[in-house]
Every structure is written in structure tokens, then in C-alpha cells.
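What follows is a single structure, written as C-alpha cells, with notes after it.
The values are calculated or read from the model by the stated rules, or taken from the named source; none is laboratory data. As the structure is a prediction and not an experimental result, all values here were calculated from the model. Cβ: placed from backbone, ideal geometry, glycine included. Neighbour counts: every protein chain shown.
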Amino acid sequence: MRFATALMAGSILLAYPLAAQHEHHEHSAADLGNLGAVHFTTSCNSAAQGDISRGVALIHSFWYSEAEKSFRAAASSDPTCGIAWWGVAMANYHPVWQPPTPDELKNGAEAAAKAKEAGAKTDRERGYIDAINTFYADADKTPHATRALGYESAMEKLAAAYPKDDEASIFYALSLLGTASPSDKTYAKQKKAAEVLNRVLPNEPQHPGVAHYIIHSFDYPELASLALPAARSYAKIAPGSPHALHMPSHIFTRLGLWDESIASNLAS
């Protein structure tokens, strides 16, 4: 009986996370504390800076609607803060989900244009703004996949130009996951993303994006065991994010760790 119950629970859990591997897990407002350690330094004023760091943390746990609110608050606090509008544009682009909806494209393109108009006080910030404008440029004429590859290329250059900027590397890794081909069973881009993230990990052990994107990089039957340390740490890093509580279950389920998978889904 106990075996049958466990088997049934395992079957249910297997069907849920694996079928929903790239589905969104957007959440309504709840506890926005405990989102992990993110320090996205900018030239904006101190009032805007807190909202920007919070918005970046929310993006890294795919809480896009709340991230957009934080970035808009930053823009209100500092109208000269172009990077705040970069954040709004980023919150409307979800690389590992489906392409943006028409409304998201419109909102994101408007925000990217505002970021460019507001300008940047540093070359680093200008690099982020230029990169996201690469994605939104000519969205009505250029296919999503082409624009996503353009963004990936821009982020690769930004990460290379600023090797000490861990956020540039983390966003570059995310861009790789966003352009990985589902038909490539060598998982070349996923492995490259994981390589980038593992280089950053010693400096950023409490960063939500590092653990989260390692899980996405290895969320495949052949690779899942490589994500187990990240799966066991992500929920502890960002317990205020429902997605951080759920996402580890993908790996636990693939590895047959039913108790941990059940606990992960119940917590989320």
C-alpha cells in the first residue's frame, strides 16, 4: 500500500513539473522579503537604487509583474535613471518562456526607448540599455529568435567587457538559455550557461539567479544530477519567492527524490 501511494504521488509529480518545464510560474504579490543577495550597483539616486536591486532580484526568480513595479518606482524616484527603464523592459522579456505577447512587446519597447532617452551615466549602464534595445528593435519586422540571438550577442560582449560584473555574466547565462534549441540534444548552450554560472558561484553563493539558472541549465534527464546542489539551495536563498520554492521540484522529480519533490511543491 505504501509503495502504491508513493508510486501514485510520484506519477502525479512527474506529470506536473516535467510537462510544465518551461511554463510560467508568475505569482501574485506576497512576501517580497527574502529574495536572495543581489547588488546591482547603479549611478541612480539612493531611493531608486533599493528598488532597482529589488527588481533585479525579482527578475531572477521570474516574478516579472512585481519586478516591473519595483523598476517603475525607481524611475519615479529618479527620472534621470535610465537603468530603471531598462528594468521595466527586462521585466517584459522572459527568455526561457514563450516570446512576449503583443502587449509585452509594446510595453517593453516603450520602456527600452525611455531607457535610451533618459540615458546612462556610465558605460556599463549604457551597455545594459543598448543590449535590451537590441532585443526590442524592429520587433514588428524581425523574428523573435533573431532578436533573442542579437540580445545574447550583446550580453556576451557586455560580460566580456566587465568581467567583474557578476550580473552581466548572470544575465548572459540567461540569454543563452533563452536561445537554446530544443532539438539540440548535446545541450551545448545550456552547458555553456552553466559554465558561466559556476564561474560566478564562488562570488555569489546567495544569488537567486545563479542557483535558479543552474537548475534550468540542467533540467533534463541526462543532466539533472548536476543541478542537485542548486536545487537544494535555491529555496533557502530566496524563500520569499514562490517560484524558488517550486523550481527545485523539477530536479527532485527527475531524480526520483519524491519526498523532496512533494515538500517543494507543497511549500510553493
When only residues in segment 164-218 that are of a type in the set (V, I, T) and under 12 Å from the mean Cα position of the chain (by Cα) count, which is farthest from M247 (Cα to Cα)? I170
Between a residue in segment 136-165 that is modelled with pLDDT under 95 and any residue that is among the charged types (D, E, K, R), which pairs come within a Cβ distance under 6 Å, given they are 6 or more apart or on different chains? none
Criterion violated by P99 - all others in (1) modelled with pLDDT of 95 or more; (2) assigned to a loop (DSSP other than H, G, I, E, B) satisfied: (1)
If I filter segment 106-122 down to residues being part of a helix (DSSP H, G or I) and of a type in the set (A, V, I, L, M, F, W, C), which single residue comes out as surrounded by the fewest Cβ atoms within 10 Å (Cβ to Cβ)? A113
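Here's the yes/no breakdown for (1) part of a helix (DSSP H, G or I); (2) under 17 Å from the mean Cα position of the chain (by Cα):
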| residue | (1), (2) |
| --- | --- |
| Y234 | yes, yes |
| G240 | no, yes |
| G256 | no, no |
| D259 | yes, no |
| I262 | yes, no |
| N265 | yes, no |
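Determine whether E125 is in contact (Cβ under 8 Å) with a residue 60 or more places away in the chain, part of a helix (DSSP H, G or I), in the same structural domain as V88 (by TED's automatic domain parsing) and surrounded by 15 or more Cβ atoms within 10 Å (Cβ to Cβ).
Judged against the criteria, E125 is a match.
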